[in-house]
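**Q** Take this structure first; my questions come after.
The values are calculated or read from the model by the stated rules, or taken from the named source; none is laboratory data. It should be emphasised that the depicted structure is a prediction, and the values quoted were computed from it without experimental measurement. Note that we place each Cβ from the backbone using ideal geometry, even for glycine, and neighbour counts take in every protein chain shown.
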Amino acid sequence: MRIVALMIGDELLTGEIADTNSHFLAEKLFSLGYRLSLKVTASDRDLFYQLERLKGEFDLLITSGGLGPTHDDVTKETIEKAFGVKDSEERALVNPVGSASGTLITKEGYKIVLLPGVPTEFQAMVEMHMRELLGKKESSCFARRVNYCLLSEEKLAPFLQEAEERFPGIEVGVYPKSSAVSVVLRGEAVDKEFFDKKTDPLVKELYERFPTLLFPSAKGDMAEAIHEELLRRGEKLALAESCTGGAFAERFTRRSGASGYFLGSIVSYADSAKEDFLGVSSKDLKEEGAVSQAVVEGMAEGLLKKTKADWVIAISGIAGPDGGSVEKPVGTIWAAIGKRDERLYSGLIPLRKNLPRKANIERSIEYLLAILWRKMAFSITPFT
Ligand code: ATP
């Protein structure tokens, strides 16, 4: 079945808002065993032209936006005109969370579904109606994911290229993130069991390739792997953040259930906060500076003293764009990781030069997640 998403709205083309509806739709369809063939984003003014172009290109067209009181008639009318829709071919679709109802148009050979653009309404209507609109099918799309941390795409590329030839019928996708890369295997199968059987040999090879870089996560997120592992072990984690300003903590707290292991983060941005809340020595702060090995170690020791955490991480660095110097240029970021009753590990985070502030922060967090995971799962010494 060829399914096309048509996202309508000028604000999507000016960058005013991000198109989260088609992302949600794609994920939902895939979870039901279907795949989007095409996504089109159209401005309100351009709608008729885009509809003309899409003729004959879909079995199911799902539109988002342009249904509220201000656009209602225009969008619907344009679609009716473009496809020559009769009244008898239309029926209203219930909107369980809003006032703008949707419309289902059933023509010979294809269907069009008009949904409102407000994300909560769009999502609720997709949840409510999609299964019925899709009907039954013989085979579905399935996916399996293998994640590696601290690995670049290039290291995998030759193997994957060759694997795709050896395993016809399995599509291999590679998705790099700053300190991780995910390999996603996709394919059609009658059921999940059949798909798993078909992909087992390749998954086994992928597991054996870099066994101590693997981490389990449905979306390739190392924080998810750590979240599950800490809950399983019943161990606690605490952070002390300077340059990441709380962003590191958010990687854990965005997940429900994080209170089961995450004690919290002390965002000790100023020198005085490092002293007052973590007991970092004023001598170290003065002589070595806030961005130094001695200070991150002091921060981590402070956490071990002041909390009951089993694992602690401290980070302090110059994220930029200002604040760099010859001795400590932007991107100089120190961190320390400790496990209670073991020694502390500390070191500089390896970062490329001249990264923007956001990238320095994000990459540092990804790197620390990776070395924490490897220490937890494979007893690999951090910063080696
Ligand atoms: P209404 O007019 O009742 O608000 P509508 O169906 O006409 O709803 P739009 O006016 O296009 O939809 O958009 C409503 C809201 O939803 C806007 O805030 C818009 O920015 C947002 N929105 C529209 N399309 C998308 C999309 N693809 N992804 C995320 N948000 C969207």
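**Q** Would you be able to say whether some residue in the range 74-82 is surrounded by fewer than 16 Cβ atoms within 10 Å (Cβ to Cβ) and under 30 Å from K204 (Cβ atoms)? Break it down stepwise before answering.
**A** Initially, the range 74-82 is screened for residues surrounded by fewer than 16 Cβ atoms within 10 Å (Cβ to Cβ), giving 74, 77, 81.
Still in the list and also under 30 Å from K204 (Cβ atoms): none.
No, there is no match, as no residue in the range 74-82 is surrounded by fewer than 16 Cβ atoms within 10 Å (Cβ to Cβ) and under 30 Å from K204 (Cβ atoms).
**Q** Would you check if D87 is modelled with pLDDT under 95 and within 13 Å of the ligand (Cβ to nearest atom)?
**A** Working: modelled with pLDDT under 95: yes; within 13 Å of the ligand (Cβ to nearest atom): no.
Here the answer is no, as D87 does not meet what is asked.
**Q** Somewhere in the range 36-55, is a residue part of a loop (DSSP other than H, G, I, E, B), more than 8 Å from the ligand (Cβ to nearest atom) and in contact (Cβ under 8 Å) with a residue 24 or more places away in the chain?
**A** Within the range 36-55, the subset part of a loop (DSSP other than H, G, I, E, B) is 43, 55.
Pick out the ones that are also more than 8 Å from the ligand (Cβ to nearest atom) and you get 43, 55.
Applying the additional criterion that residues be in contact (Cβ under 8 Å) with a residue 24 or more places away in the chain yields 43, 55.
There is at least one residue in the range 36-55 that is part of a loop (DSSP other than H, G, I, E, B), more than 8 Å from the ligand (Cβ to nearest atom) and in contact (Cβ under 8 Å) with a residue 24 or more places away in the chain.
Residues are listed down the side, and each one gets a yes or a no for (1) surrounded by fewer than 16 Cβ atoms within 10 Å (Cβ to Cβ); (2) under 29 Å from the mean Cα position of the chain (by Cα):
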| position | (1), (2) |
| --- | --- |
| V291 | no, no |
| M299 | no, no |
| G302 | no, no |
| W311 | no, yes |
| A314 | no, yes |
| I318 | no, yes |
| P321 | yes, yes |
| E327 | yes, no |
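**Q** All but one of (1) farther than 19 Å from G245 by Cα; (2) assigned to a helix (DSSP H, G or I); (3) of a type in the set (K, R) hold for R352, so report the exception by its number.
**A** (2)
**Q** I've got another one for you. Kindly evaluate L67 against the criterion of being assigned to a loop (DSSP other than H, G, I, E, B), touching a residue at least 24 places away in the same chain (Cβ under 8 Å) and either out of contact with any Lys or Arg (no Cβ under 8 Å at 6 or more places or on another chain) or aliphatic (A, V, I, L, M) (or both). Please lay out each step first, then the result.
**A** Details: assigned to a loop (DSSP other than H, G, I, E, B): yes; touching a residue at least 24 places away in the same chain (Cβ under 8 Å): yes; either out of contact with any Lys or Arg (no Cβ under 8 Å at 6 or more places or on another chain) or aliphatic (A, V, I, L, M) (or both): yes.
Considered against the rule, which asks whether it is assigned to a loop (DSSP other than H, G, I, E, B), touching a residue at least 24 places away in the same chain (Cβ under 8 Å) and either out of contact with any Lys or Arg (no Cβ under 8 Å at 6 or more places or on another chain) or aliphatic (A, V, I, L, M) (or both), L67 comes out as yes.
**Q** I've got another one for you. Return yes or no: is R145 at pLDDT 95 or above, more than 30 Å from G173 (Cβ to Cβ) and away from the ligand (no atom under 15 Å from the Cβ)? Even if it seems obvious, please write down each step before you answer.
**A** Numbers: at pLDDT 95 or above: yes; more than 30 Å from G173 (Cβ to Cβ): no; away from the ligand (no atom under 15 Å from the Cβ): yes.
It is false that R145 is at pLDDT 95 or above, more than 30 Å from G173 (Cβ to Cβ) and away from the ligand (no atom under 15 Å from the Cβ).
**Q** Also, I was wondering about something else. Considering each of P350, P382 in turn, give the residue that is closer than 30 Å to S182 by Cα and buried (at least 16 other Cβ atoms within 10 Å of the Cβ).
**A** Numbers: P350 fails: buried (at least 16 other Cβ atoms within 10 Å of the Cβ).
Selected residue: P382, the only one of P350, P382 that is closer than 30 Å to S182 by Cα and buried (at least 16 other Cβ atoms within 10 Å of the Cβ).
**Q** Would you check which residues across the range 329-345 are surrounded by fewer than 21 Cβ atoms within 10 Å (Cβ to Cβ) and either in contact with a Pro (Cβ under 7 Å, 6 or more places away or on another chain) or within 21 Å of A300 (Cα to Cα) (or both) and list them? Give the steps one after another, and end with the answer.
**A** In the first step, residues of the range 329-345 are kept if they are surrounded by fewer than 21 Cβ atoms within 10 Å (Cβ to Cβ); the result is 329, 339-345.
Passing the criteria: K339, R340, D341, E342, R343, L344, Y345.
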